[in-house]
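A.B. asks: Pasting in a structure now, in structure tokens, and then I'll have a few things to ask.
What follows is calculated from the coordinates using simple rules that are stated; it is not laboratory data. Here the structure is a predicted model, which means the values were calculated and not measured. All Cβ positions, even for glycine, are placed from backbone atoms using ideal geometry, and neighbour counts span all protein chains on display.
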Amino acid sequence: MAGFRSLARQVRDPRNDLALRRYSLRKCLERFAPYGHRATWDHLCSRAGLGPEDRSPDPARLVAALEELEEARAVWLAYEDAFAERRRKEKHDGLRRPGTVDDWHRLTWGGFGVAWCDDPSVHPTGALADVLRRLIAALERDPGACCPVCADSGLVWMHDLAHEPSSGPVCTHCGIVVPRPVLTAEALTEARRARLLVSA
Ligand SMILES: [Zn+2]
């Protein structure tokens, strides 16, 4: 199975035909897709001006989409490295931490679905790297009451999500499943209550 970097080389290689270059970009999303495969594809296409179904896209736009993805991946992998390093030290010092952050990381290691968007057409609009920086900042500070990406407080608990965890607080503004570790217990309770109001 080709890794992200060799797929990225395929996307850039002008000797490849455009259909293969486009296919390789889609394969990159199987390795790294913060919103999930379909929503991240939708996002990259709209930012780079690519037609989601266009089989012979403008190569410059294809590379622009790849660059956006690569920048975001670099941000995320740097965070994971720092996180792993911190955990190693804490273990060495015999420190124990509440499990929620670790549990969440186990499900998202490598950056797939860190800001899962269950509806592929509803996702944050800003640069992917900026969105991840905001998410990381939230993971590194005390839990809060609103969406770490768009700061909206309209969170509603959703079930039957197409990704693990299969239920969680979803931001009604930007569409991400908000990682539970960034929310206070009160905010989680509030999201569950909002769910009841929606379904009532
Ligand atoms: Zn949001």
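A.B. asks: Please specify each residue of the range 67-95 satisfying the condition of being closer than 28 Å to Arg21 by Cα and of a type in the set (A, V, I, L, M, F, W, C).
C.D. replies: Taking the range 67-95 as the starting set, the residues that turn out to be closer than 28 Å to Arg21 by Cα are 67-78.
Those that are closer than 28 Å to Arg21 by Cα and of a type in the set (A, V, I, L, M, F, W, C): Leu69, Ala72, Ala74, Val75, Trp76, Leu77, Ala78.
A.B. asks: Given the range 8-99, what helices (runs of 4 or more DSSP H) lie entirely inside it while holding 1 or more residues that are out of contact with any Ser or Thr (no Cβ under 8 Å at 6 or more places or on another chain), of a type in the set (Val, Ile, Thr) and within 30 Å of Ala185 (Cβ to Cβ)? Show your work before the answer.
C.D. replies: Details: elements: 18-31, 37-48, 59-92.
Those helices (runs of 4 or more DSSP H) span 59-92.
A.B. asks: Can I ask one more? Just to be sure, is Val131 under 15 Å from Cys171 (Cα atoms), part of a helix (DSSP H, G or I) and either touching a Phe, Trp or Tyr at 6+ places or on another chain (Cβ under 8 Å) or in contact (Cβ under 8 Å) with a residue 24 or more places away in the chain (or both)? Don't jump to the end; show me each part of the working.
C.D. replies: Values: under 15 Å from Cys171 (Cα atoms): yes; part of a helix (DSSP H, G or I): yes; either touching a Phe, Trp or Tyr at 6+ places or on another chain (Cβ under 8 Å) or in contact (Cβ under 8 Å) with a residue 24 or more places away in the chain (or both): yes.
Considered against the rule, which asks whether it is under 15 Å from Cys171 (Cα atoms), part of a helix (DSSP H, G or I) and either touching a Phe, Trp or Tyr at 6+ places or on another chain (Cβ under 8 Å) or in contact (Cβ under 8 Å) with a residue 24 or more places away in the chain (or both), Val131 comes out as yes.
A.B. asks: Still on this structure, I have one more. Does Arg31 satisfy being touching a residue at least 40 places away in the same chain (Cβ under 8 Å) and either within 22 Å of the chain's Cα centre (by Cα) or within 22 Å of Asp118 (Cβ to Cβ) (or both)?
C.D. replies: The answer is yes for Arg31.
A.B. asks: To continue, here is another question. Suppose the filter is loosely packed, with under 15 Cβ neighbours inside 10 Å and not acidic (Asp, Glu); does Ala65 pass it?
C.D. replies: Values: loosely packed, with under 15 Cβ neighbours inside 10 Å: no; not acidic (Asp, Glu): yes.
In short, no.
A.B. asks: So which residues in the range 166-186 are surrounded by fewer than 20 Cβ atoms within 10 Å (Cβ to Cβ) and closer than 21 Å to Val101 by Cα?
C.D. replies: Of the residues in the range 166-186, the ones surrounded by fewer than 20 Cβ atoms within 10 Å (Cβ to Cβ) are 166-167, 172-173, 180-181, 184-186.
The answer is Ser166, Ser167, Arg180, Pro181, Thr184, Ala185, Glu186.
A.B. asks: Another question, if that's okay. Just to verify a result, which residue in the range 152-161, among those that are closer than 13 Å to Leu183 by Cβ and among the aliphatic types (A, V, I, L, M), is farthest from the ligand (Cβ to nearest atom)?
C.D. replies: Among those that are closer than 13 Å to Leu183 by Cβ and among the aliphatic types (A, V, I, L, M), it is Val156.
A.B. asks: Restricting to the range 41-85, count the residues that are among the hydroxyl-bearing types (Ser, Thr, Tyr) and more than 14 Å from Leu25 (Cβ to Cβ). Before you say what the answer is, go through the steps one by one.
C.D. replies: Here is the first cut: in the range 41-85, the residues among the hydroxyl-bearing types (Ser, Thr, Tyr) are 46, 56, 79.
Applying the additional criterion that residues be more than 14 Å from Leu25 (Cβ to Cβ) yields 46, 79.
Adding up the residues that qualify gives 2.
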